[in-house]
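As structure tokens, the structure follows; a few thoughts come after it.
The values are calculated or read from the model by the stated rules, or taken from the named source; none is laboratory data. What you see is a predicted model; the values in this text were computed from it and never measured. Note: ideal-geometry Cβ built from the backbone for every residue, glycine included; neighbour counts use all protein chains shown. Ligands, DNA and RNA are excluded from the accessible area calculation, which covers all protein heavy atoms including side chains. Shrake-Rupley method; radii C 1.70, N 1.55, O 1.52, S 1.80 Å.
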Amino acid sequence: MIPYGRQDIRDADIEAVVAALRSDFLTQGPRVPAFEEAVAARVGAAHAVAVNSATSALHIACVALGLRCGDRLWTSPITFVASANCARHLGATVDFVDIDPSTFNMCPDALEAKLVCARDEGTLPKVVVPVAMCGQSCEMGRIAELAKEYGFRVLEDASHAIGASYRGGPVGDGRFADVTVFSFHPVKIITTAEGGLAVTNDADLARHMAELRTHGITRDPARMTREPDGPWYYEQLDLGFNFRMTDLHAALGLAQLDRLAEYVDARTARARRYDELLAGLPLTLPQQHPDTASSWHLYVIQLEGAAPLDHRSLFEALRADGIGVNLHYIPVHLQPYYRELGFGPGELPRAEAYYGRAISIPLFAQMTDEQQDAVVDALRRHLTGPDAR
Ligand SMILES: *Cc1c(COP(=O)(O)O)cnc(C)c1O
């Protein structure tokens, strides 16, 4: 089976993790801050807070941004469930903004139209979570303008998009978002096995997120509300979590980060090669907004109506051929948990249409020409009929 995504682990990664294991620190040692500083420098952010997953990063970012019970968070329906769930953990309400069918990202026009209605009704969101689907930035300039006009905070879910850029600057540099979150799950661009990270240019948000990651506790005398009882003294200032990244994971992340540009270049070259090899088949290939340079986490094809077989049949045929296709994502509002909250089919027609046509085909940094050719051959065989080969 050719997987849809796969990590790349080299000797340098293994040596870095072994060195961490042999060191004095397994967790909360020097490698976590070193990884934070390295990522912040790479993406042009002032502050970084590393945690045990992007899901945790979204969660503490929402707390730090002041999302509370009864507040509203809006996100895209075409995302992993974590982009929405972070609000539910805080008792906030989730709503969805339909996608731009050409980029699969939250549509700024749909966002604006929904904001106009919400202002009339007094139901404006406190936080909006644009998701850089497949590694392509959302139209963050427009979203940031709307944030100013309508008074919401921007929490950018760039789980797919470390190494991507937008309007000439790296995703994560804080020009257009209050907080940006990255994931280091093994299928993403670089990995820490499990891990995530939030970047921001706001020192108070960074400090608050760092405290929330470790139980809401501070050891900084300047932050304390009472005189220390003695040298052992610490204070819990807020209700936090144990969302810490370990030094083992940070060691892996540091080694992987050295190869970020190499990975993004390799993925971009594979994507261009798919563009060439798949042209002419009854498929809609992924479109790129001119302001963006994607990190190419995913390459999503959409089956056109003229194809000789339907979406599910093509998906099953590819799997039967040993092509590890996947579907990113089932629209979040159609998940049983969200249907239980009142959402249902028909509410986000562009997201639902996308779901009926989309297939993620294999794309990873170490993919070979032979593997890519096998994917293309299988698609060509199924899409041009049995004898066309
Ligand atoms: C992977 C992913 C997450 C969650 O990342 P974890 O590190 O696995 O918690 C959140 N949002 C999106 C869009 C993702 O792809």
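Residues checked against (1) among the polar types (S, T, N, Q); (2) touching a strand residue (DSSP E or B) at 6+ places or on another chain (Cβ under 7 Å); (3) free of Cβ contacts under 8 Å to residues at least 40 places away in the same chain:
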site: 53; (1), (2), (3): yes, yes, no
site: 56; (1), (2), (3): yes, yes, no
site: 70; (1), (2), (3): no, no, yes
site: 80; (1), (2), (3): no, no, no
site: 102; (1), (2), (3): yes, no, no
site: 113; (1), (2), (3): no, no, yes
site: 116; (1), (2), (3): no, no, yes
site: 121; (1), (2), (3): no, no, yes
site: 127; (1), (2), (3): no, yes, no
Report task. Would you check if there is a residue in region 258-278 being modelled with pLDDT of 95 or more, open to solvent by less than 50 Å² (accessible area, probe 1.4 Å) and outside any helix (DSSP H, G or I)? Result -> yes
Report summary line: Here the residues within region 196-223 that are surrounded by 14 or more Cβ atoms within 10 Å (Cβ to Cβ), among the aliphatic types (A, V, I, L, M) and either within 16 Å of the ligand (Cβ to nearest atom) or in a helix (DSSP H, G or I) (or both) are 197, 198, 199, 205, 206, 209, 210, 212
Query - Those residues of region 75-93 which are open to solvent by less than 10 Å² (accessible area, probe 1.4 Å) and away from the ligand (no atom under 14 Å from the Cβ), in sequence order - result: 92
Requested in this report: Answer yes if at least one residue in region 178-195 is away from the ligand (no atom under 13 Å from the Cβ) and either open to solvent by 60 Å² or more (accessible area, probe 1.4 Å) or over 18 Å from residue 59 (Cα atoms) (or both), and no otherwise.
Outcome: no
Query raised in the report: Could you list, in sequence order, the residues of region 358-387 that are under 22 Å from residue 133 (Cα atoms) and of a type in the set (Gly, Ala, Ser)?
Result: 358, 360, 365
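Could you identify the single residue in 19, 54, 12, 34 that is within 22 Å of residue 294 (Cβ to Cβ) and either out of contact with any Pro (no Cβ under 9 Å at 6 or more places or on another chain) or basic (Lys, Arg) (or both)?
Values: 19 fails: within 22 Å of residue 294 (Cβ to Cβ); 12 fails: within 22 Å of residue 294 (Cβ to Cβ); 34 fails: within 22 Å of residue 294 (Cβ to Cβ).
After ruling out the rest, the residue left standing is 54.
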Query raised in the report: On the given criteria, is residue 19 part of a helix (DSSP H, G or I) and touching a helix residue (DSSP H, G or I) at 6+ places or on another chain (Cβ under 6 Å)?
Result: no
Report summary line: In region 219-258, residues that are of a type in the set (Gly, Ala, Ser) and more than 30 Å from residue 43 (Cα to Cα) total 1
Requested in this report: Answer with yes or no whether residue 254 is away from the ligand (no atom under 16 Å from the Cβ), buried (at least 18 other Cβ atoms within 10 Å of the Cβ) and in contact (Cβ under 8 Å) with a residue 40 or more places away in the chain.
Outcome: yes
Query raised in the report: Of everything in region 206-223 that's farther than 17 Å from residue 39 by Cα and hydrophobic (A, V, I, L, M, F, W, C), which residue is farthest from the chain's Cα centre (by Cα)?
Result: 222
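Determine, yes or no, whether residue 46 is open to solvent by 50 Å² or more (accessible area, probe 1.4 Å) and either closer than 14 Å to residue 184 by Cα or away from the ligand (no atom under 16 Å from the Cβ) (or both).
Working: open to solvent by 50 Å² or more (accessible area, probe 1.4 Å): yes; either closer than 14 Å to residue 184 by Cα or away from the ligand (no atom under 16 Å from the Cβ) (or both): yes.
Answer is yes for this residue.
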Requested in this report: For residue 137, state whether it is in contact (Cβ under 8 Å) with a residue 12 or more places away in the chain, over 22 Å from residue 344 (Cα atoms) and either aliphatic (A, V, I, L, M) or open to solvent by 10 Å² or more (accessible area, probe 1.4 Å) (or both).
Outcome: no
Query raised in the report: Tally time: how many residues in region 338-351 are away from the ligand (no atom under 16 Å from the Cβ), closer than 21 Å to residue 89 by Cα and in contact (Cβ under 8 Å) with a residue 40 or more places away in the chain?
Result: 2
Requested in this report: Could you tell me which of the residues 226, 153, 167 is surrounded by fewer than 17 Cβ atoms within 10 Å (Cβ to Cβ), at negative phi and more than 16 Å from the ligand (Cβ to nearest atom)?
Outcome: 226
Report summary line: residue 110 fails exactly one of (1) within 16 Å of the ligand (Cβ to nearest atom); (2) within 16 Å of residue 331 (Cβ to Cβ), namely (1)
Query raised in the report: Just to be sure, is residue 161 part of a helix (DSSP H, G or I) and of a type in the set (Gly, Ala, Ser)?
Result: no
Report task. Mind telling me which of the residues 306, 293 ends up being open to solvent by 70 Å² or more (accessible area, probe 1.4 Å), small (Gly, Ala, Ser) and farther than 15 Å from residue 361 by Cα? Result -> 306
